[in-house]
Amino acid sequence: MIIAIDGPAASGKSTTAKIVAEKLGFTYLDTGAMYRCVTLAMINAGIHVSNTKQINDLLENISIDLLDKNGKLQIMMNNLDVSDDIRSGKVTENVSAVSALKNVREAMVKMQRNIASKTNCVMEGRDIGTVVFPNAEYKFYLSADSVVRAERRQRDLLALGDEKSIQELIEDINRRDEYDSSREISPLKKAEDAIDINTTDLTIDGQVSKIIEIVNKQKTK
Ligand code: CDP
């Protein structure tokens, strides 16, 4: 079974998806982290987005593992823990351009479908309900006011020791949403049959309960 959770930057997808997965005993898959890994690998190797051949070579050799380490998601790239590095400003700045590339998307979607073929999954991203799993049993689309999203992101980054102003974060979030929504391949958009959840005034518990309630209600039908 697949529960797809899509939505714009910092809308609460990761926190929500992780807890929903824990409560249901499903695997949690953060697809944004996968695109962030590819971006980090390209930055480390000095590969430009226009160099298709080098990107293809990189995609052929990259290994990405999302591990559950005592309830915390650990992101491994080529057997190195990159959980914090993939959240750096440099990766965030470049990830939208990298994830708009056809070869990158094909490779990541293949990995995502492969993981989901083995286990029940809560998968979060931008195109899960529209492209990766258009037949997912449950689809949710999380949205929130951009100031609230910037405030949430500010707290996340502060925990990593990275201090950013709200204005800077609003600009980053808007820029990424614009880029992600207008790209040609798999743009960010709500699947027609996805349930919209606006998290602006919801607590984490509130948004998690909403999803669990809907899943449980439909399961008993
Ligand atoms: O957590 P945050 O909202 O900052 O973003 P993320 O989920 O870590 O995703 C980072 C970037 O990866 C997004 O801005 C998209 O450009 C890209 N992405 C994508 O294209 N497709 C997905 N399924 C997930 C992420």
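The values are calculated or read from the model by the stated rules, or taken from the named source; none is laboratory data. Keep in mind that this is a model prediction, so the values were computed, not measured. Counting neighbours? That spans all protein chains shown, and the Cβs are built from the backbone with ideal geometry, glycine included. Quick note on the areas: whole protein, heavy atoms, side chains included, nothing else; ligands and nucleic acids left out. Shrake-Rupley method; radii C 1.70, N 1.55, O 1.52, S 1.80 Å.
Ala45 falls short on exactly one of the conditions (1) more than 16 Å from the ligand (Cβ to nearest atom); (2) modelled with pLDDT of 95 or more; (3) out of contact with any Leu (no Cβ under 9 Å at 6 or more places or on another chain), and that condition is (3).
So for the range 113-120 (the condition being near the ligand (Cβ under 9 Å from one of its atoms) and modelled with pLDDT of 95 or more), does at least one residue qualify? No, the range 113-120 contains no residue that is near the ligand (Cβ under 9 Å from one of its atoms) and modelled with pLDDT of 95 or more. Filtered by the rule that a residue be farther than 19 Å from Ser14 by Cα, crowded, with 16+ Cβ neighbours inside 10 Å and not basic (Lys, Arg), the range 164-210 gives Tyr179, Ser186. Is it fair to say Ile64 is in contact with a strand residue (DSSP E or B) (Cβ under 7 Å, 6 or more places away or on another chain) and under 19 Å from Thr16 (Cβ atoms)? Criteria not met by Ile64. Can you find even one residue in the range 24-41 that is open to solvent by 70 Å² or more (accessible area, probe 1.4 Å) and either modelled with pLDDT of 95 or more or more than 30 Å from Asp205 (Cβ to Cβ) (or both)? Checking the range 24-41: not a single residue is open to solvent by 70 Å² or more (accessible area, probe 1.4 Å) and either modelled with pLDDT of 95 or more or more than 30 Å from Asp205 (Cβ to Cβ) (or both).
Do you know which residues across the range 140-170 are farther than 22 Å from Asp84 by Cα and among the charged types (D, E, K, R)? Give the derivation first.
Taking the range 140-170 as the starting set, the residues that turn out to be farther than 22 Å from Asp84 by Cα are 140-148, 167.
Answer for the range 140-170, where residues must be farther than 22 Å from Asp84 by Cα and among the charged types (D, E, K, R): just Asp145.
Only one of the listed residues (Val147, Val132) is in contact with a helix residue (DSSP H, G or I) (Cβ under 6 Å, 6 or more places away or on another chain) and among the β-branched types (Val, Ile, Thr). That residue is Val132. The set of residues in the range 125-163 that are part of a loop (DSSP other than H, G, I, E, B), open to solvent by 30 Å² or more (accessible area, probe 1.4 Å), modelled with pLDDT of 95 or more and within 13 Å of the ligand (Cβ to nearest atom) comprises Arg126, Phe133. Of the residues making up the range 95-107, one or more are assigned to a helix (DSSP H, G or I), more than 10 Å from the ligand (Cβ to nearest atom), open to solvent by 30 Å² or more (accessible area, probe 1.4 Å) and not polar (S, T, N, Q). Exactly one of these conditions fails for Asp65: (1) of a type outside the set (A, V, I, L, M); (2) open to solvent by 20 Å² or more (accessible area, probe 1.4 Å); (3) within 13 Å of the ligand (Cβ to nearest atom); (4) assigned to a strand (DSSP E or B). Give me its number. Among (1) of a type outside the set (A, V, I, L, M); (2) open to solvent by 20 Å² or more (accessible area, probe 1.4 Å); (3) within 13 Å of the ligand (Cβ to nearest atom); (4) assigned to a strand (DSSP E or B), Asp65 violates only (3).
Select from the range 68-92 the residues that are open to solvent by less than 70 Å² (accessible area, probe 1.4 Å) and touching a strand residue (DSSP E or B) at 6+ places or on another chain (Cβ under 8 Å) and write down the one among them that is nearest to Glu168 (Cα to Cα). So, considering only residues that are open to solvent by less than 70 Å² (accessible area, probe 1.4 Å) and touching a strand residue (DSSP E or B) at 6+ places or on another chain (Cβ under 8 Å), the one nearest to Glu168 (Cα to Cα) is Ile86.
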